[in-house]
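*Asks:* Quick one: structure below, then a few questions.
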Amino acid sequence: MFYLKYLKEKSFFLNFVFFSLKLISVTYLVFIYSCDKSSDSINEEEAINDPVLKIDNVLPNKADLGDTLSIVGRNFKRSVILYLDETKLDIVFNNDSLVKFKVPYDGFNPFDFKIKIDNGEGVDKMEVLVSPFQLFTPIVDSIPVNFKYGKEVVVYGKHLTNSPSKKTDIISLNNEKITVTSHSKDSISFKLPYNLQSFDHDILIKAQLQELKILKGVKIPKPTITGLSKNKVKVGDDIMIYLSNFFPDITGLNDFYLADNKVEITERYRDSLLVKIPLGPYKSRDIGSLKIKLLNTDIENKIDLNLISKWYLWSYKRDYELTGGLASVGNLTLSSFYDNNMAYINVFKNSSGTENNAIFKYTPENNKWEESIIPISTEGIFGHLFYFFPLNNGVHTYLYIKRKTNNFYKYNFQTNTVTQLQDFINNELIQQPTGFVHNGELYFGLGYTGSTSLYQNRKIWKYRENSNSWEQITEIPLVNNYDLRNAPSVFKSNGKFYIGNGEERTTNFWEFTPDNTWVRKSDITKPVQRAINVQVDDRGFYYNNYLKNFWEYDIGSNQWFERNDLKAEGYNFGPEYMFIHNNYVYLIGYQNGYPPSNTLFSNHDHIILRTELYNF
């Protein structure tokens, strides 16, 4: 019992001690709490008494246009306003310690700007932050190569940011602004326009209010020729050209030239073009190259292509360059001649065609034309007045003028001077006469007389310069009353002359010997008037402008041959003059009708065809 009582007394004591300690602890905590509460009250009071705006920093310190940034600090009011320079910023969130805003897409210099904070205390007390953040520098990682017109170009990179609604003034190629189709922070897309003027383009990229220039950043591949459907062609033939890096769907973007002649494109395919071989001119049968004009650049590709046409266009001459007037038929006459290794082309000089008093010395090698006006007055008369009969001495030609008096001269075509000789006397004026020089004497006549009605002139006269006199010596035999000799063909062999043509029905053909004898030879099958002729050895040739072919007369065998192999295929012309020069035969004619639009000459201009002499 005592032990039990002892235990009860001891337990009471322990409980008392425990309770006392607990009471002390609570009292201490209350004291501590009271102290903390007192401290908080002091801080709050300080805050109320010190409402000054405090700025800690701007986060993040680097950004893209359009990003949201935070200004961290204290004492921001709900009515706070932010300005970037003078532009009011869009605030997306704010409280007393934080203001969030969006970086504008334009309106400031990214390297020198200010953020102004209006916390409601007046303009004079605004907080100013000088360039508190930086814009990322735009970076280009890659630009694909080998673009084509109208195709999408994509520039890949980082920080390529612009206003989402902006489409222009983002990309420039060689200083030409290009409209973009889409853009984001990591890419810019645009279509390659068709009006570019080069293959290599400097690209200027505007992003982040900054500029990034990449020299030759956009490259367009140059077109190349991969092959031809054939290697031997005639003028006007179709030929398929196989290519790569060209643009078949865009008419006019590629111009193609064979030997500097623009080709006519008839069909376009993804990898090829069907074109016509142009009329010319050509400097040889080896065309040699195909030139493509693209973006103001001539791209020349060597090709194995040869002309097999019998004739090809060597050159041309615009009619107005010869006459000074409007182009028309007949401005270049049959009175032209060849001497001293030059062709002398007789021309009606003015636009009204009053007289053929101009001579152009033509040099085929360099296509040079040198003009002379014959110094003889023809006042009061007009028409085809001048007829030339060269002495073949490299200096002089006899000159007959279709008029009653002052009608015969010796013309020095080297110095363009004349010497008057004894007039040719006849009751009727002779037109389109024939003349040839033999042993220093001129045989002159034939042609026709009359104006409204034409009458054949069968007479031939001889002019002797040593006595300055004329003599009628013979007449060509009469076969038919309609045997006009209007600019006939004349060939020469072994001192004899062979005369024919002059009218479509004049079939009889004659050998004339200067002893005034006539021998009828094989008839001409297809005679013509105003014939143009050449002679190769003992073979004479004339061009039949109705059949558009040549006829050959073999003097030795007295036979005629139709030479269809000499046809000038691919050209439409009226014959004017023909001559042989340095192993080539040249044929001059006026263009009859309008040629293709890509041709350098037009209707009635003069084309100069040539072929090798061995073809005759």
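The values are calculated or read from the model by the stated rules, or taken from the named source; none is laboratory data. Fair warning: this is a prediction, and the values are worked out from it, not measured in the lab. Virtual Cβ from ideal backbone geometry, glycine too; neighbours counted across all protein chains shown. Each accessible area value is taken on the protein alone, full model and side chains, heavy atoms only, with ligands, DNA and RNA left out. Shrake-Rupley method; radii C 1.70, N 1.55, O 1.52, S 1.80 Å.
*Asks:* Can you compute 3J(HN,Hα) from phi for each residue in region 276-291, using the Karplus curve 6.51 cos²θ - 1.76 cosθ + 1.60 with θ = phi - 60°, rounded to whole Hz and x for Gly and Pro?
*Replies:* 9, 5, x, 5, x, x, 10, 8, 6, 6, 7, 5, x, 8, 10, 10
*Asks:* Against the longest principal axis of the chain, how steep is helix 2-49, in degrees 0 to 90 to the nearest 10, with axes from Cα atoms?
*Replies:* 40 degrees
*Asks:* Whose amide H sits under 5 Å from the amide H of D339, counting only residues 5 or more places off or on another chain, with H placed in the peptide plane?
*Replies:* HN-HN under 5 Å from D339: Y344.
*Asks:* Give me the number: length gained by fully extending R285 to S229, i.e. 0.36 nm times residue separation minus the C-alpha to C-alpha distance, one decimal in nm.
*Replies:* In short, 18.4 nm is gained.
*Asks:* Sticking with this one: In whole Å, what are the Cα extents of region 82-187 along the three principal axes, biggest one first?
*Replies:* 61, 25, 21
*Asks:* Same structure again: If you take mean projected area of the Cα convex hull in nm² from the coordinates, which of (i) 54.8; (ii) 31.7; (iii) 42.4 do you get?
*Replies:* (i)
*Asks:* Right, here's the next one. Taking amide H positions as placed in the peptide plane 1.01 Å from N, state which residues far from S289 in sequence (5 or more) or on other chains have amide H under 5 Å from it.
*Replies:* Excluding prolines and chain starts, which carry no amide H, the hits are A259, I303.
*Asks:* What list of ³J(HN,Hα) values in whole Hz, one per residue of region 593-599 in order, does the Karplus curve 6.51 cos²θ - 1.76 cosθ + 1.60 (θ = phi - 60°) give from phi, with Gly and Pro shown as x?
*Replies:* Couplings: x, 7, x, x, 5, 7, 7 Hz.
*Asks:* At a 1.4 Å probe radius, carbon and sulfur cover how many percent of the accessible area of the chain?
*Replies:* C and S atoms contribute 50 percent here.
*Asks:* Follow-up. Show me the ranking of peptides 519-528, 397-406 by mean Cβ neighbours inside 10 Å, starting with the highest. Don't skip to the answer; put the middle values down first.
*Replies:* Details: 519-528: 16.3, 397-406: 17.9.
Those peptides, ordered most packed to least, come out 397-406, 519-528.
*Asks:* Students often forget the sequence filter, so: which lysines lie under 22 Å Cα-Cα from K402 once same-chain residues fewer than 8 apart are removed?
*Replies:* Correct list for K402: K349, K410, K459, K462.
*Asks:* Please work out the average accessible area per residue across the chain, using the 1.4 Å probe convention, and give it in Å².
*Replies:* 50 Å²
*Asks:* Is it possible to state the helix-based mean residue ellipticity at 222 nm for the chain, with each DSSP H run of 4+ residues giving -39500 (n - 2.57), the sum divided by total residues, to the nearest 500 deg cm²/dmol? What is it?
*Replies:* -3000 deg cm²/dmol
*Asks:* Taking amide H atoms as placed 1.01 Å from N in the peptide plane, list the residues 5 or more away in sequence, or in a different chain, whose amide H sits under 5 Å from that of I532.
*Replies:* The answer is Y543.
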